[in-house]
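The values are calculated or read from the model by the stated rules, or taken from the named source; none is laboratory data. Everything numeric here is computed off the predicted structure, so don't read it as measured data. Please note: Cβ atoms are built from the backbone with ideal geometry, for glycine as well, and neighbour counts cover all protein chains shown. Each accessible area value is taken on the protein alone, full model and side chains, heavy atoms only, with ligands, DNA and RNA left out. Shrake-Rupley method; radii C 1.70, N 1.55, O 1.52, S 1.80 Å.
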Amino acid sequence: MDDITELQNKWSTPTNVVLISHRNPDGDALGSCLALYHFLQSHGHNCTPIVPSEYPSVFSYLPGIERVGVYDNNRAELKSKIKAAELIFCLDFNSLDRIDPLASMIQSSKAYKVVVDHHLDPEPFADWYFSDTAASSTCELVFRLIERISGVQDITLDMATCLFTGILTDTGSFKYATNPEVYRIASELKGIGVDDYSINDYIFNSWTHRQMQILGHSLRDRMEIIPELSCGIIALTQEDYRTYQIGRGDTEGLVNYILMIRGMKVAAFIRHMTSGEIRLSLRSKGDISVQALAREHFGGGGHKNAAGGSSSESLSETIEKFKKVVKFYLA
Ligand code: 5GP
Ligand code: MN
């Protein structure tokens, strides 16, 4: 964490604040943005939370979600909010390509920029960094920041609900990327009154029949297991996207099923979306770094055990390339 007094000075003077998180926002992106939104708003700031693209409807229970501006849907107004900002928080991302098409506006803005994030390899575009790759989630870091500057007594139930959401989703329900702080913070949040049962129910018991069929199809007809490489691939074609009308969020968590098979250490979900784009979601166990794989071969990044990237080749060429390079990352 950079010297906190510099941030405290900005923090204690009410101003125009923009809180930004990444494209295709997840629970941690939305939770961290909204928790800090509630906190700063109650301390007199004029805050605007912004995400580049639409968020999954499962998160509609998050307090304040209706205040989140989706840049794809409201460019002119949100552009002027960014122009007027004197303080910008960048939450749950550390490379500007994650907030396309807002990147150039943030880069050229004269506002004081703060990054709160837990991804590897931060880019040097901000003034103040709270970057900790050992943290489970950005929500964990937002909790620690507020605790340090103001104290836990300033965390309201609305904020706690947002923070618990990000911790829950980024740890896969406390299964990975945990540390002693995560459990301490979860305990504090429960003490504040978080309804963890309902949050779990909203997020995880919200499948549609069609989503279940996409899962069935993916596991039965689109999964390839390569035991000698300890890896598995689920590949969805553009035709699958059309047939099942697959939308954003319908394939969330799909890649994790591969790692449920005994002996699997690397999992890849490779899809050719209707937009024409080919995206990869990669997961690994232990010391195998899919972050390095994504960065070195698919122009992406993320965390050691959860990363993503893209490809400009065809689906079958991308699958072949993945199979060829993965062997160099097996620890
Ligand atoms: P997912 O597979 O769930 O989309 O992403 C897994 C992790 O990798 C997330 O932490 C996400 O931030 C990161 N990630 C996904 N795609 C990209 C990408 O294209 N570039 C970078 N730098 N990180 C990515
Ligand atoms: Mn995160």
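Take the conditions touching a residue at least 12 places away in the same chain (Cβ under 8 Å), within 20 Å of the chain's Cα centre (by Cα), part of a helix (DSSP H, G or I) and more than 26 Å from TYR257 (Cβ to Cβ) and apply them to GLU181. Does it pass?
On the way: touching a residue at least 12 places away in the same chain (Cβ under 8 Å): yes; within 20 Å of the chain's Cα centre (by Cα): yes; part of a helix (DSSP H, G or I): yes; more than 26 Å from TYR257 (Cβ to Cβ): yes.
Criteria met by GLU181.
Based on what the data block shows, is SER173 small (Gly, Ala, Ser), within 15 Å of the chain's Cα centre (by Cα) and under 19 Å from ILE20 (Cα atoms)? Steps first, answer last, please.
Values: small (Gly, Ala, Ser): yes; within 15 Å of the chain's Cα centre (by Cα): yes; under 19 Å from ILE20 (Cα atoms): no.
So SER173 does not fit the description; no.
Only one of the numbered conditions (1) free of Cβ contacts under 8 Å to residues at least 12 places away in the same chain; (2) surrounded by 15 or more Cβ atoms within 10 Å (Cβ to Cβ) is violated by GLU66, and that is (2). Tell me yes or no: at least one residue of the stretch 132-149 is touching a residue at least 12 places away in the same chain (Cβ under 8 Å), more than 22 Å from GLN8 (Cα to Cα), in a helix (DSSP H, G or I) and among the polar types (S, T, N, Q). The answer is no, given that none of the residues of the stretch 132-149 is touching a residue at least 12 places away in the same chain (Cβ under 8 Å), more than 22 Å from GLN8 (Cα to Cα), in a helix (DSSP H, G or I) and among the polar types (S, T, N, Q). Here SER53 meets each of (1) over 30 Å from PHE204 (Cα atoms); (2) of a type in the set (Ser, Thr, Tyr); (3) within 16 Å of ligand 1 (Cβ to nearest atom) with one exception, condition (1). Is it the case that the stretch 77-87 has a residue that's open to solvent by 20 Å² or more (accessible area, probe 1.4 Å), under 24 Å from GLU181 (Cα atoms) and either small (Gly, Ala, Ser) or in contact with a helix residue (DSSP H, G or I) (Cβ under 9 Å, 6 or more places away or on another chain) (or both)? So far as the stretch 77-87 goes, no, none of its residues is open to solvent by 20 Å² or more (accessible area, probe 1.4 Å), under 24 Å from GLU181 (Cα atoms) and either small (Gly, Ala, Ser) or in contact with a helix residue (DSSP H, G or I) (Cβ under 9 Å, 6 or more places away or on another chain) (or both).
Out of the residues in the stretch 118-131 meeting the condition of being in a strand (DSSP E or B) and open to solvent by less than 30 Å² (accessible area, probe 1.4 Å), tell me which one is farthest from ligand 2 (Cβ to nearest atom). Only one residue fits best here, namely TRP128. Only one of the numbered conditions (1) within 14 Å of ligand 1 (Cβ to nearest atom); (2) open to solvent by less than 50 Å² (accessible area, probe 1.4 Å) is not met by ASN179, and that is (1).
From the list GLY64, GLY44, which residue is on the phi > 0 side of the Ramachandran plot and touching a strand residue (DSSP E or B) at 6+ places or on another chain (Cβ under 8 Å)?
Only one candidate qualifies: GLY64.
If you filter the stretch 24-44 down to residues that are part of a loop (DSSP other than H, G, I, E, B) and more than 16 Å from ligand 1 (Cβ to nearest atom), you find that the one that is nearest to ILE146 (Cα to Cα) is HIS43.
Mind counting the residues in the stretch 150-161 that are over 27 Å from LYS83 (Cα atoms) and not in a loop (DSSP other than H, G, I, E, B)? So the answer is 7.
Would you confirm whether or not the stretch 97-117 contains a residue that is within 13 Å of ligand 2 (Cβ to nearest atom), in a helix (DSSP H, G or I) and open to solvent by less than 50 Å² (accessible area, probe 1.4 Å)? Can you show your working first?
Applying the first criterion (within 13 Å of ligand 2 (Cβ to nearest atom)) to the stretch 97-117 yields 98, 115-117.
Right, trim to in a helix (DSSP H, G or I) and you get 98.
Subsequent filtering for residues that are open to solvent by less than 50 Å² (accessible area, probe 1.4 Å) retains none.
The answer is no; no qualifying residue exists.
Scanning the stretch 4-40 for residues that are within 23 Å of the chain's Cα centre (by Cα), more than 16 Å from ligand 2 (Cβ to nearest atom) and not aliphatic (A, V, I, L, M) returns TYR37, HIS38, PHE39.
Count of the stretch 69-105 residues, restricted to those that are free of Cβ contacts under 8 Å to residues at least 40 places away in the same chain and within 16 Å of ligand 1 (Cβ to nearest atom), is 4.
Filtered by the rule that a residue be open to solvent by 10 Å² or more (accessible area, probe 1.4 Å), more than 16 Å from ligand 1 (Cβ to nearest atom) and either of a type outside the set (Ser, Thr, Tyr) or under 15 Å from VAL142 (Cβ atoms) (or both), the stretch 6-23 gives GLU6, GLN8, ASN9, LYS10, TRP11, PRO14, ASN16.
Residue-by-condition table, conditions (1) in contact with a strand residue (DSSP E or B) (Cβ under 6 Å, 6 or more places away or on another chain); (2) more than 18 Å from VAL194 (Cβ to Cβ); (3) open to solvent by less than 30 Å² (accessible area, probe 1.4 Å):
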| residue | (1), (2), (3) |
| --- | --- |
| ASN94 | yes, yes, yes |
| THR133 | no, yes, no |
| GLU140 | no, no, yes |
| THR156 | no, no, no |
| ILE167 | no, no, yes |
